[in-house]
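The values are calculated or read from the model by the stated rules, or taken from the named source; none is laboratory data. In this text the structure is predicted, and so the values were computed from the model without any measurement. Cβ sites come from the backbone with ideal geometry, for glycine too, and all protein chains shown count toward neighbours.
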Amino acid sequence: MRRIVLCRLVELMKETGTTFKDLIDIGLNNNLINDLRNNQWKRVTRETLEKLCEVFQVPISEILISVAQNLWGPATGKSADVNLHVGRRSLDGEPSYEKEVMFSADVRACNVLRDHLKSLRVSGVRMVGHSLGLSGVSIALLRSGVHVIVGSPIANPMTEPAVRDFLYQVGPSAPASKSPFPYTMEWSDGRTLGTPAVSNQIGIYSRDARQLLARRRELEDGTAEDCALLLARRFKIEIGARFLGDSRLVLIVIGHGSVGTHAGAIAAVRPDVADEMFPPELGVVTAGVIRVKYDRPQPGSSEPPVLVPELVQVADTIVEGEFAGQTDIRRIAVRSRSAGA
């Protein structure tokens, strides 16, 4: 995993009310202050660090931080601008796994993501609810900031337009020959995400391999399976970039069923999956197939099942320019880890 070192001078100056003049008075010059603020610095002396520690009364670890360049790296710079989007009914649902209530499971997934962001020192995460049945859901709000969209199109009206119109930037009438979707996700009620639909292939179907990769089903031994898609794309930051090449993120977690949504969130915060899912370039959408097997909850139980999701496959799709659907399919074997790994 690649890591970069960033300076928190901007945040520290705001938090303490420290001015440029204050820093000049302790011996820093204008050029160095601007380089540190913009993370364009190449080296910093021990004397400078000691002065900064003294003026802000914090340890070096509060001035220079190490950030992972994985899926969550773009979220760590704009802590007040990270939005978790969920269906409005999810916010009103009572958690219950007895009937696998989809909407409450979406909230569980959001809580997994929010806790992970907090562990990365992102403090300003907010949850945004979208009402089902509304037409013309606007995706304009995705044009700035970091966004995580949780839930299937059945539960969250933001999911489908965000995938189609924002991540892949194709209209619903795009010819199948130019469709960039590497997978088709199909539900038993006939609803599909991705084109074309695949008859009698309920689950996540690979267009490249022409096979069903993951599905939702109950097994005879008291266990069950579910699945999810993770979709990620990085975008350029026009104003307020922390360093050269900085980006923002739009991530979508789409569970086939309720457990799939929860498993997708658990997978997304795992370091190995976050590394594999990080879009290598701007203009690339990374799609990952998640599969999970779990013990079915006993009747009357309110406890969620223990989930250890598996990353089955990742596809990188070029979406800039002509939508030729060019994909680089990565078949990977990622060792399963516990939810707390």
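Collect the residues in segment 219-234 that are surrounded by 19 or more Cβ atoms within 10 Å (Cβ to Cβ) and not small (Gly, Ala, Ser), keeping them in residue-number order.
The initial filter retains those residues of segment 219-234 that are surrounded by 19 or more Cβ atoms within 10 Å (Cβ to Cβ), namely 224-234.
Scanning segment 219-234 gives Glu225, Asp226, Cys227, Leu229, Leu230, Leu231, Arg233, Arg234.
Can you pull out every residue in segment 229-240 that is over 26 Å from Pro180 (Cβ atoms) and either in contact (Cβ under 8 Å) with a residue 12 or more places away in the chain or assigned by TED's automatic domain parsing to the domain that holds Leu9 (or both)? Please lay out each step first, then the result.
Within segment 229-240, the subset over 26 Å from Pro180 (Cβ atoms) is 239-240.
Residue satisfying the conditions is Gly240 alone.
For every residue, the table says whether it meets (1) touching a Phe, Trp or Tyr at 6+ places or on another chain (Cβ under 6 Å); (2) touching a residue at least 24 places away in the same chain (Cβ under 8 Å); (3) buried (at least 22 other Cβ atoms within 10 Å of the Cβ).
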{"site": "Arg248", "(1), (2), (3)": "yes, yes, yes"}
{"site": "Ile254", "(1), (2), (3)": "no, yes, yes"}
{"site": "Thr261", "(1), (2), (3)": "no, yes, yes"}
{"site": "Gly264", "(1), (2), (3)": "no, yes, yes"}
{"site": "Val269", "(1), (2), (3)": "no, yes, no"}
{"site": "Glu276", "(1), (2), (3)": "no, yes, no"}
{"site": "Pro280", "(1), (2), (3)": "no, yes, no"}
{"site": "Thr286", "(1), (2), (3)": "no, yes, yes"}
Residue pairs qualifying under the 9 Å Cβ cut-off, at least six apart or on distinct chains, with the first in segment 2-26 being under 17 Å from Ala68 (Cβ atoms) and touching a residue at least 40 places away in the same chain (Cβ under 8 Å) and the second being small (Gly, Ala, Ser) and surrounded by fewer than 10 Cβ atoms within 10 Å (Cβ to Cβ), are Arg3/Ser66; Ile4/Ser66; Val5/Ser66; Leu6/Ser66
Only residues that are surrounded by 12 or more Cβ atoms within 10 Å (Cβ to Cβ), of a type outside the set (Ser, Thr, Tyr) and farther than 30 Å from Pro279 by Cα: list them for segment 16-44, please.
Phe20, Asp22, Leu23, Ile24, Ile26, Leu28, Leu32, Ile33, Val44
For the subset of segment 1-13 comprising residues that are in a helix (DSSP H, G or I) and within 28 Å of the chain's Cα centre (by Cα), which member is surrounded by the most Cβ atoms within 10 Å (Cβ to Cβ)?
Leu9
Which one of these is within 26 Å of Arg270 (Cβ to Cβ), assigned to a loop (DSSP other than H, G, I, E, B) and in contact with a helix residue (DSSP H, G or I) (Cβ under 8 Å, 6 or more places away or on another chain): Leu28, Leu71?
Leu71
In segment 204-235, what residues are hydrophobic (A, V, I, L, M, F, W, C), touching a Leu at 6+ places or on another chain (Cβ under 7 Å) and more than 23 Å from Glu281 (Cα to Cα)?
Ile204
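Yes/no matrix, rows are residues, columns are (1) assigned by TED's automatic domain parsing to the domain that holds Val306; (2) modelled with pLDDT under 85:
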| site | (1), (2) |
| --- | --- |
| Asp35 | no, no |
| Arg46 | no, no |
| Val58 | no, no |
| Leu64 | no, no |
| Arg89 | yes, yes |
| Val107 | yes, no |
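Taking segment 14-25 only, how many residues are of a type in the set (Lys, Arg) and assigned to a loop (DSSP other than H, G, I, E, B)?
Taking segment 14-25 and keeping what is of a type in the set (Lys, Arg), we get 14, 21.
Narrowing further to those that are assigned to a loop (DSSP other than H, G, I, E, B): none.
Of the residues in that region, 0 qualify.
Got a sec? Which strands (runs of 3 or more DSSP E) wholly within segment 145-218 have at least 3 residues that are buried (at least 19 other Cβ atoms within 10 Å of the Cβ) and modelled with pLDDT of 85 or more?
Values: elements: 146-150, 183-186, 203-206, 211-214.
Ranges flagged: 146-150, 183-186, 203-206.
Does Trp72 satisfy the criteria of being of a type outside the set (Ser, Thr, Tyr) and at pLDDT 90 or above?
Yes: the conditions hold for Trp72.
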